[in-house]
1. Read phi for every residue in segment A:91-104 and hand back ³J(HN,Hα) as whole Hz from Karplus 6.51 cos²θ - 1.76 cosθ + 1.60, θ = phi - 60°, with x for Gly and Pro.
2. If you count, for every residue in A:114-122, the Cβ atoms of partner chains within 10 Å of its Cβ, what is the mean?
3. Per residue of A:141-151, count partner chain C-beta atoms within 10 Å of its C-beta, then hand back the mean as an integer.
4. Could you pull out the longest piece of chain A with no exposed loop GluC sites (Glu not before Pro) in it, calling a site exposed if DSSP puts it outside H, G, I, E, B and it has at most 14 other Cβ atoms within 10 Å?
5. Would you mind classifying segment A:15-129 by shape? Square roots of the alpha carbon gyration tensor eigenvalues, ordered a ≥ b ≥ c; an a/c under 1.5 is rounded, otherwise it is prolate if a/b is larger than b/c and oblate if not.
6. Between residue A:221 and residue A:154, what length comes free when the chain is fully extended (0.36 nm per residue of separation minus the Cα-Cα distance, one decimal in nm)?
7. So if R0 is 25 Å, what FRET efficiency would residue A:119 and residue A:199 give, r being the distance between their Cβ atoms, rounded to the nearest 0.05?
8. Could you check the simple spin-label distance between residue A:104 and residue A:64, using points 7 Å along Cα→Cβ, in nm with one decimal?
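Only the coordinates and a few stated rules stand behind these numbers; no lab work does. Owing to the predicted nature of the structure, the values given are computational and were not obtained by experimental measurement. Note that each Cβ is placed from the backbone with ideal geometry, even for glycine, and that neighbours are counted across all protein chains shown.
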Amino acid sequence: MIVERENPTTASADGLYVYCVARGDGPCLLGAIGLEGKTVYGVAAGGIRAVVHDCRPEPYQSQDPHVLKGWLASHQDVVSAATQAFGTVLPMAFDMIVRGDAQTGTLAAMKGWLEQNRERFTRLLDRLASKAEYGVQVLWDRAVIAAALVEGRAPLRALRDEAMSKPRGLAHLLQQKLAKATREALEMQAQAFAQDFYARIRGCVDDVRVEPLKKGDGPGQMLLNLSCLMPEGERELGDVLDAIQALEGVTVRFTGPWPPYSFVGA
Amino acid sequence: MEPELPQSYRRATLVDLLDRVLDRGLFLRADIVIAVAGIPLIGATLSLAVAGTDTMLKYGILSDWDEAIRAVPPPQRQSLLAEPSGTRTA
C-alpha cells in the first residue's frame, strides 16, 4: 500500500540503498519493508522514481548466510511490492548504494542519476511494460539418453550386441569403443537439443538471454539456461515446454514470473 | 485435476534468486555508487551457504508453468529418442 505523503526522511541521508526504478512523480511511502525493516520510499525526478531506503554510506556485508539470505529476500520482496504498486520496474542488483560527494548531497546525486538516465529508463520501462521474466532451464539425464541413443541407432546397437557376444578381452575393447561412440553421440545430441529447444522457445517469447550453464546438485546435466521475457500469462511457452519435457530423459525447470532482472542491462 | 509435476521444476531456489539479484539487474554509475566491491564476496559466501541445498523461497515467484501461465495438464511422457527419424543420418 502506498501512501502519498512527505517522505519520512531527512534530505541529508548519508546513503541511499536503491531497490528499483519505476515511473512516478512526487513522494511516496511503501512502509517498513526494506532490509532489516528499513522504511522504503520513493525519490522522484522528471517522472522517474527510485525506490530506496536511508542507510549509511557503506555496503551491506556479512559472513552470516542467514543474514545474507534475509537481505536478498528483502531486496526481492521490495522489488515485488514496488511492482505491485507502480507496475513495471527496473530492478537493481543487490547492494547498490548511492552517496553524494562534498558538493552534491546524496539526495541530489540520486535525483541527478535519475535525470541523466531518464531517456534510457523511459525506453526500458516502455519495452518491459506488462512483461515478466521467466527462467527456463533444460536438463537431461545422460544415462537415460545414452541408453536411448544406443537402442535407437543401428551402429551403436550393433557394437553393444557384438560386445555381449564376444569373449571377455575383446568385449572390453568393444565396450570402450561403444563408450566413446556413445559419448560422441551424446555431445551431438546435446548440441542438437540445445539448438532446437532454443529456436522453439525463442519463437514464442519476446526476448531471450542465454545464461551460463550451471552444474546442479541433482542427477540432471544442464543443456540450456535461458531467461525469457514475455507478457505475463502468455500461454504458448507452456506448450513448447510441455513438448520438450515430454522427451524421455529431459527435464525442464521453470521459474517465474520474476522482475526483469536479466533485461535491464546494456 | 491437479497434475503431479516433478519437484525439480516446481520450485525456484535461492540460487535462482542469487543469479538474478547479484549478477543482473541495474547497476549504478561508478562515481556515485559505493557498494560494487562487496558483491563478489556476498555471492561467494552465499554460494557456499546454499551448496547442496535446495532452499525453497516463498515469494510467489516459484511455480510451474501450468500455474504461472495457464492451467492445462501436461501430456504423457513419450520417447522420441528410441527410434531414429528418417532424416537422421546414421
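1. x, 8, 5, 5, 6, 8, 10, 9, 9, x, 10, 4, 7, 9
2. Values: counts 0, 0, 1, 3, 0, 0, 1, 1, 0.
The per-residue average across the peptide is 1.
3. Values: counts 0, 0, 0, 2, 1, 0, 2, 5, 3, 0, 5.
Partner-chain Cβ atoms within 10 Å, mean over residues of A:141-151: 2.
4. Numbers: sites that count: A:4, A:6, A:232.
Value returned for the longest uninterrupted segment is A:7-231.
5. Numbers: a/c = 1.83, a/b = 1.24, b/c = 1.47.
Oblate, because a/c is 1.5 or more while a/b does not exceed b/c.
6. Working: separation 67, 0.36 × 67 = 24.12 nm, distance 2.55 nm.
Result for the pair: 21.6 nm of gain on full extension.
7. Numbers: r = 34 Å, r/R0 = 1.35.
About 0.15, to the nearest 0.05.
8. Going by the 7 Å Cα→Cβ label model, 3.5 nm.
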